Amino acid sequence: MPFAPLDDIPAVDAAFRAWGADLNEVFRSAWNAVRAVLLDREDDREDDRDTGAVAGELGSSARNAPDPLRKLELHERELDYLLLEFLQEQLYLKDAEAALYTVGELTVEREAGGWRLVAELEGRPIGQAGAQGVDVKAVTLDHLGVQQTAEGWEATVVLDL
Amino acid sequence: MGLSQFIHRVDNALWELAPEYKDGMRVPVRVYAGKALFEAMEPEVLEQAANVACLPGIVGYSFCMPDGHRGYGFPIGGVAAFDPESGVISPGGIGFDINCGMRLIATALTEEEVRPVLSELVEKLFRAVPSGVGGTGLLKLSRDEFRELIAEGAPWCIDRGYGIPEDAELTEEGGCMAGADPELVSERAIERGYQQVGTLGSGNHYLEIQVAQREHLADPDAAAALGITRANQVLLMLHTGSRGFGHEVASASLKRFLQVMNDTYHLGVRDRELACAPFAAPEGREYFAAMQCAVNMAFANRQVILHRVREVFAEVFHRDPLELGLRQIYDVTHNTAKLEEHVVDGSARELLVHRKGATRAFAPGMPDIPERYRDLGQPVIIGGSMETGSYLLLGRAEGAATFYTTAHGSGRVMGRRQAKRTFDSAQLQRELAERGIVVRAASRSGLAEEAGGAYKSIDEVVAAADAGGLSRPVAKLLPIGNIKG
């Protein structure tokens, strides 16, 4: 599912636009876009076995192995804040578990008073050698948006690196 | 009317944007920059500084330092002081990387002594200091130990053998902000941070081996008093912050402030990244205490990295690191908010000073400067690109105009993606090697993002800060080895 870096927001660290036929797809695309930044890729290939981060020789050996599968449920009043929290979860897992996650089943839907997201995430440990990744500090509110278009949905996200 | 019609040049290195420019501006914007730097600033910098000028309780001016560039909420290089009773605190005025900062370490070695083992040193430092995505540090801490560390900062590490007491004495705030309260930090923040003490991160974070050449000493006497006494003396400069822990504290607080600023406090802001709360309100005070935990985490992070640096030098030179003269010159933070006393309209008053990509630069004689430096002024460490060099500066009395604040680095002129398209990492690494600069990077493409051409001229930034009375240069330090996150 598609996403593309944005060049029309000046001098930011990393910005992208993601698309999808429905909300589930656009949220998944945005997740993959953040993952691509962490892996320093410009596409959304899902295999990260050949990449990952460097830790020094005293590095990630002591980290807990990530849960192979985890469920995520989020509730927010606004759709763009729901996207922000969803993407922030990837950054949390990157640090807390030293793992990069892909998205399995994903549902974004309206609920009373706002929006609900339920997702299954599958994790792999960040590698210890041959790093090409770039750390992401935060998903920002700058230009953050999720809009319906004639073709489906699109999201705009700016990351602080 | 356009932006330019509201700008006038106050002095050679000072520009002012009148409060009539935008509805709601409570104070003018002041930008410290020479003509070329000012004209090269993106218009968004002034827009962001003008938005800051609209925040409740702001005192004096909304400032932008000479290295100012577009940020999130505040511009990078943004400085604003607020009345603690009527004003606000904003994570957007501090940054996601709370207490991102610089540490400068002297050695007693010269370039001639280090050159023969430079590649080995760079490689061993790269392996000793974890970098890149995630990254787990040297210290294997329990969550409870981490809570102690964020309450006590660098001294907690020193008490356990990761440094010497002098390191903390020569760190801003003594390496610990006393108001830190771990009870106000979320479990998520603890989980993100407790295994990252002693890690570099990525982006523009680095550990650099530098040389102070005699011809680049602007004030040799001051340089000597700070510990630079030999020709071609080797130093180390470290740039990193509070890692995932600080990022989580900032992101969570931003979200909390978004919820309460309109519903509870009826604070309208022009940019969601300027989400804020009254400093006197529970949300403001609690964020301040959590932020100080992140400040302490960053001081501890840099302390543990210094310890690793000492170990590597001892291994390579087969001598005790203190015999090798590995002594800290100073450690500064450039992403914080602090309560400080300043004179406003002739009266001393307490202010909450936000500095985002800006460095405190106290004048000679001020009590918070370590005693051995008090007559000189506060040391300021300005990081440049891996190609162009960095600076050691001193604070000065005229800095009162900006609540004693100066620049923090070069400031980007090119986005990271544009830099990656413009510069080739492999070619850059070869060219640096030809110039005698050995680079080891966790991310090869990240190397291109940090090319010298992606940044403003650090010489112009330092000159503007000097001309504006914010700080004065002591030494320019040239890179010979760089470990890039």
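Please treat every number below as a calculation from the coordinates, not as lab data. Every value quoted in this text rests on a predicted model; they were computed, and no experiment measured them. Quick reminder, even Gly has a Cβ in these numbers, built from the backbone with ideal geometry, and neighbours come from all protein chains shown.
Using 1/(1 + (r/R0)^6) with R0 = 30 angstrom and r between the beta carbons of B:LYS140 and B:ALA314, what's the FRET efficiency to the nearest 0.05?
On the way: r = 21 Å, r/R0 = 0.71.
E between B:LYS140 and B:ALA314, to the nearest 0.05, is 0.90.
The value obtained for region B:1-71, namely the Cα convex hull volume divided by the number of residues, is 78 Å³ per residue.
Normalised by the number of residues in chain B, what is the relative contact order in percent for Cα pairs under 8 Å and 6+ residues apart? Show your work: numbers first, answer last.
Working: 1205 pairs, mean separation 107.4, N = 485.
The value is 22 percent.
Put simply, the Cα atoms of the protein assembly as shown extend 68, 57, 46 Å along their principal axes, the longest span coming first.
Helix-only arithmetic for chain B: the sum of -39500 (n - 2.57) across DSSP H runs with n ≥ 4, divided by the residue total, places the mean residue ellipticity at 222 nm at -9500 deg cm²/dmol. Full extension of the chain segment joining B:ALA397 with B:THR422 gains 4.9 nm, where the gain is 0.36 nm per residue of separation less the Cα-Cα distance. So if I take the centroid of the Cα atoms in region B:64-119 and the same for region B:261-279, what is the distance between those two points in Å? Between the Cα centres of region B:64-119 and region B:261-279 lies a distance of 25 Å.
Applying both filters, DSSP loop and at most 12 other Cβ atoms within 10 Å, to the trypsin sites (Lys or Arg not before Pro) of region B:434-463 gives B:ARG435. To make sure I understand the rule: partners must be lysines, Cα under 29 Å from the Cα of A:LYS94, and not fewer than 8 residues away in the same chain. Which ones qualify? Hits, sequence-local ones excluded: A:LYS71, A:LYS137, B:LYS124, B:LYS140, B:LYS255, B:LYS356, B:LYS420, B:LYS484.
Relative to the longest principal axis of the Cα atoms of chain B, helix B:143-152 runs at roughly 70 degrees.
Annotation: Cα Rg of region B:45-102 relative to the compact-globule expectation 2.2 N^0.38 Å equals 1.07. Contact order, relative form, for region B:1-118: 17 percent (alpha carbon pairs under 8 Å, 6 or more residues apart, mean separation divided by residue count). Scalar couplings 3J(HN,Hα) for region B:330-338, obtained by applying the Karplus form with A = 6.51, B = -1.76, C = 1.60 to θ = phi - 60°, are 5, 9, 10, 9, 10, 9, 8, 10, 9 Hz; x denotes Gly and Pro. What you get for region B:113-241, charging only the Cβ of Lys and Arg (+1) and of Asp and Glu (-1), is a dipole of about 620 debye around the Cα centre. Each Cα pair under 8 Å and six or more residues apart adds its sequence gap; the mean of these over the residue count of region B:31-96 is a relative contact order of 31 percent. Look at the stretch B:408-421: the mean tally of other chain Cβ atoms within 10 Å of its residues' Cβ atoms is 3.
Would you tell me the mean number of C-beta atoms belonging to other protein chains that fall within 10 Å of each C-beta in A:147-155, as a whole number?
Values: counts 0, 0, 0, 0, 0, 0, 0, 0, 0.
Other-chain Cβ atoms within 10 Å of each residue's Cβ, averaged: 0.
In Å, the Kirkwood hydrodynamic radius of region B:174-258 over pairs of distinct alpha carbons? Taking the inverse mean of 1/r over all distinct Cα pairs, region B:174-258 comes out at 16.2 Å. For the residues of B:193-201, the average number of beta carbons from a partner chain within 10 Å of their own beta carbon is 3.
Taken over chain B, the ratio of Cα radius of gyration to 2.2 N^0.38 Å equals 0.91. Kirkwood analysis of the Cα pair distances in region B:96-245 returns a hydrodynamic radius of 17.2 Å.
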